[in-house]
């Protein structure tokens, strides 16, 4: 991982994503950002993508009635077992 810049968090927990990163990643004012924590406890920011509304996973997603909500294969299996 390459360090681009260090930014200070303000009193309410905000920071500014550097313009160079926003341009390189095509991030504008309407872009949604996912905030994740990896297995080492590192904070990871990524452009939002479809993910399971239950566990946050991305494996074999199926859209729900609401076009923006998805459930992954693992959660669908658990839900089916609960119904059965």
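Just so it is clear, none of the values below were taken in a lab; they were calculated from the coordinates. Bear in mind that the values here come from a model prediction, so they are computed numbers and not experimental data. Glycine also receives a Cβ, built like all others from the backbone with ideal geometry; neighbour counts cover every protein chain displayed.
Structure notes:
- Sole residue being assigned to a helix (DSSP H, G or I) and either out of contact with any strand residue (DSSP E or B) (no Cβ under 7 Å at 6 or more places or on another chain) or in contact (Cβ under 8 Å) with a residue 40 or more places away in the chain (or both), chosen from 7, 76, 14, 81: 81
- Selection within the stretch 33-53: residues that are in a loop (DSSP other than H, G, I, E, B) and in contact (Cβ under 8 Å) with a residue 12 or more places away in the chain. The member of this set that is surrounded by the most Cβ atoms within 10 Å (Cβ to Cβ) is 51.
- The stretch 54-77 - residue that is surrounded by fewer than 12 Cβ atoms within 10 Å (Cβ to Cβ) and out of contact with any helix residue (DSSP H, G or I) (no Cβ under 8 Å at 6 or more places or on another chain) and, of those, nearest to residue 27 (Cα to Cα): 68
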